[in-house]
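Values quoted throughout were computed directly from the atomic coordinates according to the rules given, and no laboratory measurement underlies them. Just so it is clear, the model here is predicted, and its values are computed rather than measured. Don't worry about glycine lacking a Cβ; one is built from the backbone with ideal geometry, like all the others, and counts go over all protein chains shown.
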Amino acid sequence: MVVILEAVSGPVLGRRIEVRGGSIVRIGRTGKSDHPISEDGYLSGLHFSVECDGTQCRVRDLGSSNGTFVNGSRVTEQVVQEGDSVVAGGSTFVIRVDLLPSITGVGMTRAATVPTPLAVATKVIGEPAPQPGGYSPAQTALLNALYAPGEEVFAVVDASRDSRIPAFLDAAGEPYTSLDTSGRVAAYVVALPAEARLAHVFVKDGWGHGWGFYGTSKAGLETVRAHFTSFVSLQTPSGAAMTFRFWDPRVLRAMVPAMLPEEADAFFGPCERIIVEAEKPVMALEFSRSPGRPRQQTIVLA
């Protein structure tokens, strides 16, 4: 999914601003924004942002002086669709939506044909008895899927999904680090050794609520963080900066199955497996490396 803001009036008439799935682009008058429009003196330094999660696009006012308007109404935030108008400062943009972008979220050119079919399997985990800690059978099944011999488990979580996440991280005492060293996004990479207190919180409170994803690796926390940090800020083909929110389960579910082998190698990096909630949280999707495209396995938890 690619959303394009096309300027139809104002000082940058004809300019097109691309916002790809999993990214946020901040627009304003100064260099503090991701896409500065210095020609428009009525814009605030940081005026509004456009966020695309791969399924929908949202316009959010960033505390501007003159306001942001969608279809003539002043908004704080608003989901926008094809043909909607956005007015900010002295500029008017029309929303254009491309549901079939020519590149994947990793930023590599997508081939016109897929040489190797995606390997898909379904695994049904039986009715495991609840374990100490008050886990339900489904939660126990998820933990069994996460922990495999020889692999360390980590989570990438987004604090914007739940304001309690930073407090959980501080209280639990497990190693964690910010995914984005610039501080632009409140996402964290967290080590989850077996029996970690945070695993209890993440499985019970976070699963099904889009907190992020789990990964397994034979490498340590810093190696994993350094790898995924490189994907937080990407550039569009036009050179504009964008924030790529790849940790959103909706983005991963759409992005990973579309990856070509070289894209999967670049994205997985030191990771062996990536596990994310399915659209229905009674199922999990496990993506793993394979000689061709990533292998996808659906794990039935219920």
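Observations on the structure shown:
- Residue by residue, region 151-162 carries 3J(HN,Hα) couplings of 10, 8, 9, 9, 10, 10, 10, 10, 5, 6, 7, 7 Hz when phi is fed to the Karplus relation 6.51 cos²θ - 1.76 cosθ + 1.60 (θ = phi - 60°); x denotes Gly or Pro.
- According to the Cα-based calculation, Rg over Rh for region 2-98 is 0.91, with Rh computed by the Kirkwood formula.
- Phi to ³J(HN,Hα) by Karplus 6.51 cos²θ - 1.76 cosθ + 1.60 over region 198-209, Hz, x for Gly, Pro: 5, 4, 4, 5, 5, 6, 7, 9, x, 5, x, 10
- Annotation: peptides 40-50, 214-224, 76-86, ranked by per-residue average of other Cβ atoms within 10 Å with the highest first, follow the order 40-50, 214-224, 76-86.
- Residues in region 8-23 carry Karplus couplings, in order, of 10, 7, x, x, 10, 3, x, 5, 10, 10, 8, 10, 8, x, x, 10 Hz; the curve used is 6.51 cos²θ - 1.76 cosθ + 1.60 with θ = phi - 60°, and Gly or Pro positions show x.
- When you filter the trypsin sites (Lys or Arg not before Pro) in region 10-91 for DSSP loop state and at most 14 other Cβ atoms inside 10 Å of their Cβ, you are left with Lys32.
- Here is the list for region 245-302: trypsin sites (Lys or Arg not before Pro) lying in DSSP coil, each with at most 16 other C-beta atoms within 10 angstrom of its C-beta, are Arg289.
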